[in-house]
Amino acid sequence: KQEVTQIPAALSVPEGENLVLNCSFTDSAIYNLQWFRQDPGKGLTSLLLIQSSQREQTSGRLNASLDKSSGRSTLYIAASQPGDSATYLCATLTGTASKLTFGTGTRLQVTL
Amino acid sequence: GAVVSQHPSRVICKSGTSVKIECRSLDFQATTMFWYRQFPKQSLMLMATSNEGSKATYEQGVEKDKFLINHASLTLSTLTVTSAHPEDSSFYICSARPRSIGAEAFFGQGTRLTVV
């Protein structure tokens, strides 16, 4: 059974800092890994999708990497802004039923 | 990206009544949709996989008679919470993914259910 862990659970940084969020998973037989953002009381917004054959994906100030063999992914946020404050979730897609398994999330607060 | 619409966003109901939540994929066909439940400050827990034209597949520990799922078309799945109780109060989120293996998953806005 896939288990996904995210570290740290919470993070507070001043505006402008670069930061890294970590995601680890136990079953490396994944189809892909997806990073999401969730604002309080809202649904999930997809940020980046990395297919199992890829090593990284970039979108604007976001860069996600994937090391499938070691079961790790990182989300790098450059020049953080207060608007980046949210909970960030990673999820892996595995199995014949193509289920997403979510991590526990990292609550990010970017302060002025 | 693709859009998944979930309705209502918020509902309050009396204990013992039933509540229906709709999930629509607006610009792609989804043979499979997923329903999740999220408790405060926790991650998403998969409740069931909704398959178009067939019965839903429920995760272990999820009561299929309480959480009725119907996937009548390629763009619509519904979750009905029957005989709701206060412990059913939660945030429910649906997801849909285009047919191809490894395709990106898109999520609805979520429904905050409060049972009083």
Per residue value of the accessible surface for chain A (all protein chains in place, 1.4 Å probe), Å²: 47
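Any idea of the total accessible area buried by the B-A contact, 1.4 Å probe, rounded to 100 Å²?
Working: alone 6480 and 6070 Å², together 10990 Å².
When B and A are taken together, about 1600 Å² of accessible area is lost.
Would you mind giving the mean number of other chain beta-carbons within 10 Å of the Cβ of each residue in B:65-73, as a whole number? Walk me through the numbers on the way to the answer.
Values: counts 0, 0, 0, 0, 0, 0, 0, 0, 0.
Counting other chains' Cβ atoms within 10 Å and averaging over B:65-73 gives 0.
For chain B, what does the accessible surface come to per residue with a 1.4 Å probe? Please give it in Å².
Details: 5690 Å² over 116 residues.
Ligands and nucleic acids excluded, the result is 49 Å² per residue.
Using Cα pairs under 8 angstrom and six or more residues apart, how large is the relative contact order of chain B, in percent?
It rounds to 37 percent for chain B.
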Quick one: accessible surface of A:Asp39, probe radius 1.4 Å, all protein chains present, in square angstrom to the nearest 10. 50
Aspartates and glutamates with Cα under 14 Å of A:Lys99, excluding same-chain neighbours fewer than 8 positions away: A:Glu3, A:Asp27, B:Glu59, B:Glu104
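Mind ranking A:Ser46, B:Ser18 by accessible surface for me, highest first, 1.4 Å probe? Could the numbers behind the result be given before it?
On the way: A:Ser46 35, B:Ser18 75 Å².
Reading off the accessible areas and sorting them downward yields B:Ser18, A:Ser46.
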Roughly how far apart, in whole Å, are the Cα centres of region A:54-112 and region A:1-28? 7
Sorted list, accessible surface of protein heavy atoms, 1.4 Å probe, largest first, for A:Thr87, A:Thr58 is A:Thr58, A:Thr87
Accessible surface of the protein assembly as shown, 1.4 Å probe, proportion on carbon and sulfur as whole %: 49
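For region A:1-110, state which GluC sites (Glu not before Pro) are in a DSSP loop and have at most 16 other beta carbons lying within 10 Å of their beta carbon.
On the way: sites: A:Glu3, A:Glu15, A:Glu17, A:Glu56; in loops: A:Glu3, A:Glu15, A:Glu17.
Loop-located and lightly packed - A:Glu3, A:Glu15, A:Glu17.
The values are calculated or read from the model by the stated rules, or taken from the named source; none is laboratory data. Everything numeric here is computed off the predicted structure, so don't read it as measured data. Neighbour counts run over all protein chains shown; Cβ positions are idealised from the backbone, glycine included. Protein only, heavy atoms only, side chains kept; ligands, DNA and RNA dropped before computing areas. Shrake-Rupley method; radii C 1.70, N 1.55, O 1.52, S 1.80 Å.
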